[in-house]
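Below is one structure, written out as structure tokens; comments come after it.
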Amino acid sequence: MAWTPSRCGLASRRPGSFSDIFVRLDAEDDKALYARWRDGDRDAGAALIERHYDSLYRFFRTKVGPDADDLVQRTVLICADHERGFRGESSFRTYVFAVARNVLLEFFRSRTKSSSRDSDVSASAVAEMSPGPSTFAAERGEFRLLVMALQQLPLDIQVTLELFYWEDLGVGELAKVLAIPPGTVKSRLYRGRELLREAMAKIDVPADDAASIRLLLADWAAQMQRRLGPAE
């Protein structure tokens, strides 16, 4: 189902072309914009979606490649359902990623021909569920290799690492997105870092990219140490 202004209650332009209203709305926080969107202010809704659009696209692209646009649209439509949508119990960003994760899980359940909510696609790797050529061939070497390694990990571990490092979500936010206790988030992050290191070791890394990969993994380890403390 396409992302359309009429279905989302937004102005008749795709996110990315709303610069004329951002000067007025950029300073408003997410909850204020959502409240105005819920009350019928289309410009507020457009500004709110634009604010999170790149993050949503990045979230899906590393997992579903060419289907990213479609899953972003599905997520936006759910966010636009004000009867069943955001209740203000978390940040809007946390809510958006929680919705996106559910959309992602439903996508892979459909791909694996399992409609059961108990089907644990979250424990399967993207590389197992969507085998095929990489959609990142044109990306710089170290990013392409990193995504290849991340796609070898269980899906929810890939999600956890990417939201922690690329979207800067904290443990509390991740706990809400993933619907698990904060302590489990920390354990998953430490386990994910080790699994990623093992996955990278199995990839034939060109010499030109090896140093960049080592630096990136070292930086991620330092970030985790700084933000979480030592592994328990």
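Does Arg61 qualify as being at pLDDT 90 or above, of a type in the set (Lys, Arg) and under 22 Å from Val147 (Cβ atoms)? Yes. Asp67 fulfils the conditions (1) in a loop (DSSP other than H, G, I, E, B); (2) farther than 23 Å from Asp29 by Cβ except for a single criterion, (1).
Consider Thr160 carefully, then state whether it is polar (S, T, N, Q) and in contact with a helix residue (DSSP H, G or I) (Cβ under 6 Å, 6 or more places away or on another chain). Yes. Look through Ser116, Ser130 and report the one residue that is at pLDDT below 85, over 19 Å from Leu195 (Cα atoms), crowded, with 17+ Cβ neighbours inside 10 Å and out of contact with any Leu (no Cβ under 6 Å at 6 or more places or on another chain). Step by step, each of Ser116, Ser130 is checked, and only Ser130 is at pLDDT below 85, over 19 Å from Leu195 (Cα atoms), crowded, with 17+ Cβ neighbours inside 10 Å and out of contact with any Leu (no Cβ under 6 Å at 6 or more places or on another chain).
Looking at (1) within 13 Å of the chain's Cα centre (by Cα); (2) β-branched (Val, Ile, Thr); (3) under 20 Å from Ser90 (Cα atoms), which is the only condition Ile180 fails? With respect to (1) within 13 Å of the chain's Cα centre (by Cα); (2) β-branched (Val, Ile, Thr); (3) under 20 Å from Ser90 (Cα atoms), Ile180 is out only on (1).
The values are calculated or read from the model by the stated rules, or taken from the named source; none is laboratory data. Keep in mind it's a predicted model, so treat the numbers as computed, not measured. Heads up, the Cβs are rebuilt from the backbone with ideal geometry, glycines too, and the neighbour counts pull from every protein chain shown.
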